[in-house]
Structure formats: structure tokens, C-alpha cells
Amino acid sequence: MESTKILMHEHEIIKRMLNILLKYAEDIEHNKKVSLDNMRKCVDFIKTFGDTCHHLKEEDVLFVEMETHGMPRYGGPVGVMLSEHETGRGYVRAMADAIDQYEKGNQSADREFAKNAKAYAGLLSQHIDKENNILYPMADEMLADIDDEIIERFEEREKKLGEGVHEKYVNIIEQLEKGLSGN
């Protein structure tokens with residue numbers, strides 16, 4: 001289905017951010033400074049692209065349709081994905097709080113950022129693997145006849161975010177990756 005291909009493409013973009021988070025966490029653990037601005041860009045990316053754009057397509061469109069077509073929302077794969085989305089949001093809130101604390105002078109708050117960045121990256125890596133290899137193939141079988149409708153609803157979500165949002169966040173990823181490579 002084209003709709004799950006869209007979500008898997010977004011996963012590839014999100015995985016690039018996970019690599020950046022892991023590098024920043026490693027730098028912090030080795031007493032290297034990471035720019036607060038870059039940490040903020042990571043949190044903004046996750047909240048806007050990862051959650052508002054991507055996760056809400058799953059939660060408000062794909063998962064709802066899977067439930068409508070017979071998959072229980074709780075107690076099965078969809079319930080696990082929803083639970084992991086919430087766990088991830090907790091890590092992101094903790095990263096944002098660590099940035100605020102660091103800015104207020106708590107010099108060890110960067111370690112909290114690193115700890116939560118690593119936990120988030122670990123969770124999301126496994127989460128993406130489960131969605132790509134288990135849940136999406138199930139969706140492909142269940143929802144093939146309404147793929148066009150799902151894509152249309154995805155596009156409505158994108159319009160609500162505003163024009164150029166995807167491009168903006170892909171550009172942020174590219175900028176951060178260049179910073180990692182020293183270019």
C-alpha cells in the first residue's frame with residue numbers, strides 16, 4: 001500500500017534524527033559540549049515531524065481504520081504502538097526539561113538530555129522495526145481497498161501543519177548531520 005510506504009519513508013527520516021541524538025548523547029557522555037540550539041532543534045523535530053506529523057497519521061488515521069476493520073485497539077499490536085508513542089513522548093518531555101534546566105544553570109542537565117535521548121532512540125528504533133515488519137504488513141492486508149482514502153486523510157493532516165513542513169524538517173536533519181561530520 002502506498003500509505004504504509006509513506007509512513008516507512010517518514011521512518012527513514014526519523015531514524016536519521018535518532019542517529020543524531022545518539023551522537024549528541026555520546027558527545028555529552030564524553031564531556032563534549034553540544035549546542036543548546038541543536039538540542040532544541042532535535043526536540044522540535046521530534047515533536048513536530050515525529051509526533052504531530054507522523055505519529056498522529058498513525059493514531060488518527062491508520063490505527064483507527066485498522067480498528068474499524070477488526071483489529072482491537074488495545075491488547076494487540078496497535079495497543080503496543082500507542083503505549084510506545086506515549087513512552088516516547090515522556091522521553092521527549094524529559095529532554096525538553098533538561099534543556100530548560102541546563103539553560104537555567106544546572107550544568108549536569110545535559111546528562112539528563114543524553115540519558116533520555118538514548119532511551120528515546122532505543123525505543124523508537126525497536127518501535128519502527130515492529131511497525132515496518134509486523135504492523136504495516138497487517139495494515140496492507142486489511143486496508144488495501146481504502147488506501148486512497150487513507151492517503152487523502154494523510155494529506156489533510158499535512159495541510160493542517162502548513163506548507164513546506166516536511167522540507168523544513170528534512171533541511172534541519174541535513175544541517176545537523178553536516179555539523180556531525182564537521183562540514
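The values are calculated or read from the model by the stated rules, or taken from the named source; none is laboratory data. Computed from a prediction, not measured in an experiment: that's the story for all the values here. Cβ placement follows ideal geometry from the backbone for every residue including glycine, while neighbour counts extend to all protein chains displayed. Side chains included, ligands, DNA and RNA excluded: accessible areas come from the protein's heavy atoms. Shrake-Rupley method; radii C 1.70, N 1.55, O 1.52, S 1.80 Å.
So, of the residues in the range 97-144 that are open to solvent by 20 Å² or more (accessible area, probe 1.4 Å) and among the hydroxyl-bearing types (Ser, Thr, Tyr), which turns out to be modelled with the lowest pLDDT?
So the residue we want is SER108.
Any residue at all in the range 158-168 that is among the charged types (D, E, K, R), open to solvent by less than 60 Å² (accessible area, probe 1.4 Å) and within 20 Å of the chain's Cα centre (by Cα)? Steps first, answer last, please.
Kept after step one, since they are among the charged types (D, E, K, R), are these residues of the range 158-168: 158-160, 163, 167-168.
When the remaining residues are screened for being open to solvent by less than 60 Å² (accessible area, probe 1.4 Å), the result is 158.
Applying the additional criterion that residues be within 20 Å of the chain's Cα centre (by Cα) yields 158.
Scanning the range 158-168 turns up at least one residue that is among the charged types (D, E, K, R), open to solvent by less than 60 Å² (accessible area, probe 1.4 Å) and within 20 Å of the chain's Cα centre (by Cα).
Inside the range 61-73, can you point out the residues that are open to solvent by 10 Å² or more (accessible area, probe 1.4 Å) and in contact with a helix residue (DSSP H, G or I) (Cβ under 8 Å, 6 or more places away or on another chain)?
GLU65, GLU67, HIS69, GLY70, MET71, PRO72, ARG73 - these are the residues of the range 61-73 that are open to solvent by 10 Å² or more (accessible area, probe 1.4 Å) and in contact with a helix residue (DSSP H, G or I) (Cβ under 8 Å, 6 or more places away or on another chain).
Under 8 Å by Cβ, and 6 or more places apart or on different chains, what pairs join a residue from the range 22-38 that is under 20 Å from ASP97 (Cβ atoms) and part of a loop (DSSP other than H, G, I, E, B) with one that is of a type in the set (Gly, Ala, Ser) and at pLDDT 95 or above?
That search, which allows pairs on different chains as well, returns nothing.
Just checking, does the range 75-96 include any residue being surrounded by 15 or more Cβ atoms within 10 Å (Cβ to Cβ), over 12 Å from the mean Cα position of the chain (by Cα) and under 16 Å from ASN171 (Cα atoms)?
No: the range 75-96 contains no residue that is surrounded by 15 or more Cβ atoms within 10 Å (Cβ to Cβ), over 12 Å from the mean Cα position of the chain (by Cα) and under 16 Å from ASN171 (Cα atoms).
For the range 28-62, how many residues meet the condition of being of a type in the set (Asp, Glu) and within 16 Å of TYR120 (Cβ to Cβ)?
Pass one, the range 28-62, residues of a type in the set (Asp, Glu): 29, 37, 44, 51, 58-60.
Filter once more, so that each one left must be within 16 Å of TYR120 (Cβ to Cβ): 29, 44, 51.
Going through the range 28-62 one residue at a time, the tally reaches 3.
State yes or no: is HIS54 buried (at least 16 other Cβ atoms within 10 Å of the Cβ) and either farther than 25 Å from LYS5 by Cβ or not polar (S, T, N, Q) (or both)? Steps first, please.
Numbers: buried (at least 16 other Cβ atoms within 10 Å of the Cβ): yes; either farther than 25 Å from LYS5 by Cβ or not polar (S, T, N, Q) (or both): yes.
Taking the combined requirement at face value, the residue satisfies it.
Do we have GLU65 as under 19 Å from TYR120 (Cα atoms) and modelled with pLDDT of 95 or more here? Step through it out loud before you land on a result.
Values: under 19 Å from TYR120 (Cα atoms): no; modelled with pLDDT of 95 or more: yes.
When the stated conditions are applied, GLU65 does not pass them.
Being closer than 21 Å to GLU177 by Cβ and among the β-branched types (Val, Ile, Thr): is that true of ILE28 here?
Working: closer than 21 Å to GLU177 by Cβ: yes; among the β-branched types (Val, Ile, Thr): yes.
Answer is yes for this residue.
So which helices (runs of 4 or more DSSP H) are wholly in the range 69-183 and hold at least 1 residues that are in contact (Cβ under 8 Å) with a residue 40 or more places away in the chain, under 22 Å from PHE45 (Cα atoms) and not polar (S, T, N, Q)? Break it down into steps so the answer makes sense when it comes.
Numbers: elements: 77-103, 109-130, 136-143, 147-161, 165-181.
The helices (runs of 4 or more DSSP H) meeting that bar are 77-103, 109-130, 147-161, 165-181.
Kindly indicate whether any position in the range 158-177 is at pLDDT 95 or above and in contact with a Pro (Cβ under 6 Å, 6 or more places away or on another chain).
No, there is no match, as no residue in the range 158-177 is at pLDDT 95 or above and in contact with a Pro (Cβ under 6 Å, 6 or more places away or on another chain).
Residue by residue, here is whether (1) modelled with pLDDT of 95 or more; (2) within 13 Å of the chain's Cα centre (by Cα) holds:
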position	(1), (2)
GLU2	yes, no
LEU7	yes, yes
HIS11	yes, yes
ARG16	yes, yes
LEU21	yes, yes
ASP27	yes, no
HIS30	yes, no
LYS33	no, no
ASP37	yes, no
